[in-house]
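Each remark here refers to the structure printed beneath this line.
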Amino acid sequence: MHIPDGFLSVATVATTYVVSAGGVGNAVRIANKKLGEKQVPLMGVLAAFIFAAQMLNFPIAGGTSGHLIGAALAAILLGPWASVLIMSCVLIAQCLIFQDGGLVALGANIFNMGIVASFSGYYIYRFVTSLLGNGRRSKLAGGFIAAWSSVFLAAIVCAIELAVSGISPMRVVLPAMAGLYALIGIGEGLITGAVLSLVLATRADLLELQRI
């Protein structure tokens, strides 16, 4: 889902940079006010885990592959604003060090995988767990659904950006992205559920931290 340079129009690049810069700036402001002593180390651990996990690809139909995004997991554990900061750091490092995603398209990548994925994952998790209760199974189900949804919605937004930039007609790019990332989202959901299961078994208190 990392968009390389040359795929987005000037208007799309400018719009996503402005929105992403505003989102990251607000995340920094909120983090400075609300981060506790337990949250700062966890942010670093999650950033390192997501960065490393994104290097590992799993096979998808048709010879394609996918990898963890991690925004939903970070948002579930620390909240959407903290997740925006984590994902922004990961995406900036990937862009500058590994050229994974273009520098010009960085604003769009942060918007898609940082802002959209974080907030959709967080609120879908909260919605599912509010319906199913606060037990272990509901949290794992909520984590899977939230992770899948965050990937799927981020892919839809990415497809719209490509379509409005004139890369491909909406009728072509939207079904293609939706179909592929619906499959990739299953892997995201399984990995997120596995990590949440480990957290619940060893450090359930982490899910009780104040989220920002």
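If packing is taken as the mean number of other Cβ atoms within 10 Å per residue, what is the order of 67-75, 157-165, highest first? List each step's numbers first, then the result.
Details: 67-75: 29.0, 157-165: 20.3.
Result, highest mean Cβ count within 10 Å first: 67-75, 157-165.
Can you pull the Rg over Rh of segment 1-45, Cα-only, Kirkwood? It would help to have the intermediate numbers written out before the result.
Numbers: Rg = 15.2 Å, Rh = 12.9 Å.
With Rg and the Kirkwood Rh in hand, the quotient comes to 1.18.
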Point to revise | Pair LYS33, ALA48: separation of 7 Å Cα→Cβ label points (nm) | key: 3.1
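Using r as the Cβ-Cβ distance of ASN134 and VAL19, and R0 as 30 Å, what FRET efficiency do you calculate, to the nearest 0.05? Please report the intermediate quantities before stating the final value.
Numbers: r = 34 Å, r/R0 = 1.12.
E(calc), rounded to 0.05, equals 0.35.
Segment 55-202: D in µm²/s via Stokes-Einstein (Kirkwood Rh, Cα pairs, 4 °C, 1.567 mPa s)? Don't jump to the answer; show the numbers that get you there.
Working: Rh = 15.6 Å.
This corresponds to a translational diffusion coefficient of 83 µm²/s.
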Study note, to complete from the structure: Within the set ALA31, ALA201, ALA47, GNM on the chain using Cα springs under 10 Å gives the largest fluctuation to ALA201
Revision key, fill the gap. Residue-ordered couplings for segment 151-162, obtained by feeding phi - 60° into the Karplus form 6.51 cos²θ - 1.76 cosθ + 1.60 and rounding to whole Hz (Gly and Pro as x), are 5, 5, 5, 4, 5, 4, 5, 4, 4, 5, 4, 5
Practice item. In Å and from the alpha-carbon atoms only, list the Rg and Dmax of segment 1-140. Key: 15.7, 47
**Study point:** Mean-position separation - Cα centroids, segment 159-179 and segment 78-117, in angstrom
**Key:** 21
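Which length gain, in nm to one decimal place, applies between VAL40 and ALA93 when the Cα-Cα distance is subtracted from 0.36 nm times their residue separation? Walk me through the numbers before you get to the answer.
Numbers: separation 53, 0.36 × 53 = 19.08 nm, distance 1.87 nm.
Taking VAL40 through ALA93 to full extension adds about 17.2 nm, to one decimal.
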Study note, to complete from the structure: In whole percent, the Cα-Cα distances of segment 152-212 spread across 10 Å bins from 0 upward as 21, 30, 22, 19, 8
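Laboratory data are not the source of any read-out in this text; all were calculated from the coordinates shown. Keep in mind that this is a model prediction, so the values were computed, not measured. No Cβ is skipped: glycine too gets one built from the backbone with ideal geometry, and neighbour counts run over all protein chains shown.
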